[in-house]
Amino acid sequence: MMKQLRLSGSGGQGVITAAIIFAEAAMREGRQVVQSQSYGPEARGGASKAEVIIDDAPIYHPKIIVPDIVLSLTQKAADNYYGDLDRNKGILIVDEDLVPDIPDFPRVIKVPVTRIASEQVGKMLFTNIVALGVLVKISKIVSIDSARVSVQKRVPPHTVEQNMKALELGYNAV
């Protein structure tokens, strides 16, 4: 059951944190996990990408070849990272407000991730956790309960309540 996920956006959107939390949730469920990340030289605003490979068996190659799911929170991320998706089985998830020119791909799921974080949680800071909720629901790789525990352990204590709300909103947005 190998699954490969690529989360992409720009620096400051929290895609790396979301990938780490997703990976921790998978480990919590007893799976083998590899998580990697890369970002441009700019701390904020530059390109950002995180990848997670999850399997029930040992993982011998730590790089994604053909992702099953690509999450893109910006137009540039969508343009740069969707091309490796399997056109028959892959899923492209985009922030419908920040990716106006959706790539021509058979399976696209549009969710207003940033808008949900801003309008329903109160800050764009929670975009990554809204996106995490979307990924949990669409991928069916980890349970929402494992994601909740991992979010709670990873975020600052004073933000747990808002992050839980963001996770639920993302999960229910699909």
Output for segment 63-97, where each listed residue is farther than 13 Å from ARG6 by Cα and in contact with a strand residue (DSSP E or B) (Cβ under 8 Å, 6 or more places away or on another chain)
THR74, LYS76, ASP95, GLU96
Considering only segment 140-161, how many residues are in a helix (DSSP H, G or I) and either in contact with a strand residue (DSSP E or B) (Cβ under 6 Å, 6 or more places away or on another chain) or open to solvent by less than 20 Å² (accessible area, probe 1.4 Å) (or both)?
5
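For segment 99-120, which positions are surrounded by 21 or more Cβ atoms within 10 Å (Cβ to Cβ) and over 23 Å from GLN4 (Cβ atoms)? Walk me through how you get there before you give the answer.
Pass one, segment 99-120, residues surrounded by 21 or more Cβ atoms within 10 Å (Cβ to Cβ): 99, 111, 113-114, 116-117.
THR114, ILE116, ALA117 - these are the residues of segment 99-120 that are surrounded by 21 or more Cβ atoms within 10 Å (Cβ to Cβ) and over 23 Å from GLN4 (Cβ atoms).
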Being touching an Asp or Glu at 6+ places or on another chain (Cβ under 6 Å) and assigned to a strand (DSSP E or B) is the filter here; which residues of segment 1-14 pass it?
LYS3, GLN4, ARG6
Could you say whether any residue in segment 15-35 is acidic (Asp, Glu), within 25 Å of VAL151 (Cβ to Cβ), part of a helix (DSSP H, G or I) and open to solvent by less than 50 Å² (accessible area, probe 1.4 Å)?
yes
Could you check ALA77 against (1) touching a helix residue (DSSP H, G or I) at 6+ places or on another chain (Cβ under 9 Å); (2) open to solvent by 50 Å² or more (accessible area, probe 1.4 Å); (3) at pLDDT below 95 and say which number it fails?
(2)
Matching residues, segment 84-134, being touching an Asp or Glu at 6+ places or on another chain (Cβ under 7 Å), in a strand (DSSP E or B) and either modelled with pLDDT under 95 or not β-branched (Val, Ile, Thr) (or both):
LYS110
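Out of the residues in segment 60-74 that are surrounded by fewer than 21 Cβ atoms within 10 Å (Cβ to Cβ) and of a type outside the set (Phe, Trp, Tyr), which is nearest to ARG107 (Cα to Cα)?
Restricting attention to segment 60-74, the residues satisfying the condition of being surrounded by fewer than 21 Cβ atoms within 10 Å (Cβ to Cβ) are 60-66, 68.
Restricting the remaining residues to those that are of a type outside the set (Phe, Trp, Tyr) gives 61-66, 68.
Numbers: HIS61: 26, PRO62: 26, LYS63: 23, ILE64: 19, ILE65: 19, VAL66: 15, ASP68: 11 Å.
Selected residue: ASP68.
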Would you call LEU132 out of contact with any strand residue (DSSP E or B) (no Cβ under 6 Å at 6 or more places or on another chain), closer than 18 Å to GLY12 by Cα, open to solvent by 50 Å² or more (accessible area, probe 1.4 Å) and in contact (Cβ under 8 Å) with a residue 60 or more places away in the chain?
no
Using beta carbons and a limit of 6 Å, which pairs, at least six apart or on different chains, have the first residue in segment 62-80 and more than 17 Å from VAL134 (Cα to Cα) and the second one open to solvent by 10 Å² or more (accessible area, probe 1.4 Å) and at pLDDT below 95?
VAL66/ASP84; VAL66/ASP86
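Go through SER48, SER38 for me and flag whichever is at pLDDT below 95, within 22 Å of ASN80 (Cα to Cα), surrounded by 18 or more Cβ atoms within 10 Å (Cβ to Cβ) and polar (S, T, N, Q). It would help to see each step written out before you state the result.
Details: SER38 fails: surrounded by 18 or more Cβ atoms within 10 Å (Cβ to Cβ).
That would be SER48, the only listed residue that is at pLDDT below 95, within 22 Å of ASN80 (Cα to Cα), surrounded by 18 or more Cβ atoms within 10 Å (Cβ to Cβ) and polar (S, T, N, Q).
The values are calculated or read from the model by the stated rules, or taken from the named source; none is laboratory data. Quantities reported herein were computed from a predicted structural model and do not represent experimental measurements. Positions of Cβ are backbone-derived with ideal geometry, glycine not excepted, and every protein chain shown enters the neighbour counts. For accessibility, only protein heavy atoms count, side chains too; no ligands or nucleic acids. Shrake-Rupley method; radii C 1.70, N 1.55, O 1.52, S 1.80 Å.
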